[in-house]
Amino acid sequence: MKKAGVTLVDVAKLAGVSVMSASRTMSGEGYVSEETRAKVQAAAKQLGYAPNAAARLMKGGKTNVIGVVVNDLTSSVVNCFVTALSEEVRKVGMDLFIYNSLGDMGSGNGARISQMLHGLWDGLVYVLPRMTDDYLETLEKSSSPIVLINYFRHETTLPVVRGDNVNGAHDAVRHLVDLGHRRIGFVRGNAYTGQSDLRERGYMSALSDAGIELDPALVYQGDFSQQSGFDGARELLALDAPPTAIFAANDGMALGVLNAIREKNLRIPEDISVIGFDDIPTAAMTQPPLTTLRHPFGEMAQAAVQELTRRIQGQPGRRQRIEFPSEFIIRASTGPAPACSTSRRSRRQRA
């Protein structure tokens, strides 16, 4: 904490350097030798001095802070991205500011949030943004450097770092087809970021490639929550011809699917296979461990921070779209299709 009355002049005097050199050191702008930088930093630490961000902003300086805007801090995927972003931001000598919008990315709120946060950060990263078209348009008109992570809903002039969804989902369903499954359920998520639609596209294309006609009864509308996965699996398992495998559009819903299957006294994967998406930390610790798809959180965070810092520094961005392939992680929740689904139904009815 900065001691009362300690100024940059005091720091410069203790370090034995000019006030200009001390200012350049603390602001990170302009050249100073490594020897001078070390002296100033040591003096600032000894005196308990910290640069006044507000004063620096009034002079047109930088805050050396990157803001991260999220919708839901309870989301495991959001937390994975925030953790990875925090590590990457520190690598470039900056700090992280987290703003939880609590889903408040509706019409008209873009300008309000932008004004509220103005001056607190040099650039912003939006993680899995659930935003309206009006909100997106406000961000596109902003002069501030902004990068979106895993936004797919609409084309945008803003730079986007994202993971592949279509091919990953196709790989997942193809894996089930190769195991002999023909009735494959799908629990979709909401449409906010566009990811669920793309994962559904991969699901449908894999079925089509295998010559399997899509049965609308096997598709359940979830909302990415564990509860919706549980409800969806219950509904799918109640069908006269239930699926022998269920693909959930995220791991959270897949966890709910696992719970619903256990409730029906069915075995995983002997009676029914399950696949999720995202590879959240708990995916490897479920019983059985969950087969899923993984986006490289660390590499995506690194790309987002690098793209943002280039724009903060006034350099041209490298790419508007940076896409990373998903990695298919096969674990014990998937296995060959059961030889006779009728025996599975009769066992469920006896339970």
Convert each backbone phi in segment 77-88 into a coupling constant with the Karplus relation 6.51 cos²θ - 1.76 cosθ + 1.60 (shift: θ = phi - 60°), then list the ³J(HN,Hα) values in order as whole Hz, x for Gly and Pro. 5, 4, 5, 4, 5, 4, 4, 5, 5, 4, 5, 6
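Would you mind putting 313-320, 206-213, 301-308 in packing order, based on average other-beta-carbon counts within 10 Å, highest first?
Details: 313-320: 10.4, 206-213: 14.4, 301-308: 23.4.
Peptide ranking by packing, descending: 301-308, 206-213, 313-320.
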With every atom except the alpha carbons ignored, what do you get for Rg and Dmax of segment 114-205, in angstroms? 17.1, 57
Whole-Hz ³J(HN,Hα) for each residue in segment 304-315, computed from phi via Karplus 6.51 cos²θ - 1.76 cosθ + 1.60 with θ = phi - 60°, x for glycine and proline: what do you get? 5, 5, 4, 5, 5, 5, 4, 6, 4, 7, x, 8
Computed, not fitted: 222 nm per-residue ellipticity of the chain from DSSP H runs ≥ 4 (each -39500 (n - 2.57)), nearest 500, equal to -13000 deg cm²/dmol
Compactness relative to 2.2 N^0.38 Å, alpha carbon Rg of the chain: 1.25
Whole-Å distance linking the alpha carbon centroid of segment 61-85 with that of segment 151-209 is 25 Å
Starting from the Cα-Cα distance between E35 and I330, subtract it from 0.36 nm times their residue separation and give me the gain in nm to one decimal. 100.9 nm
Residue-span extension gain [D10 to T74] - 0.36 nm each, minus C-alpha spacing: 18.6 nm
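What does the highest-first list of 89-96, 193-200, 40-47 look like by mean Cβ count within 10 Å? Mind dumping the intermediate values first?
Working: 89-96: 15.2, 193-200: 22.1, 40-47: 17.1.
Final packing ranking: 193-200, 40-47, 89-96.
Since every read-out is calculated from the coordinates, none of them should be taken as a lab result. Bear in mind that the values here come from a model prediction, so they are computed numbers and not experimental data. Cβ coordinates were reconstructed from backbone atoms using ideal geometry, including for glycine residues, and neighbour counts include every protein chain displayed.
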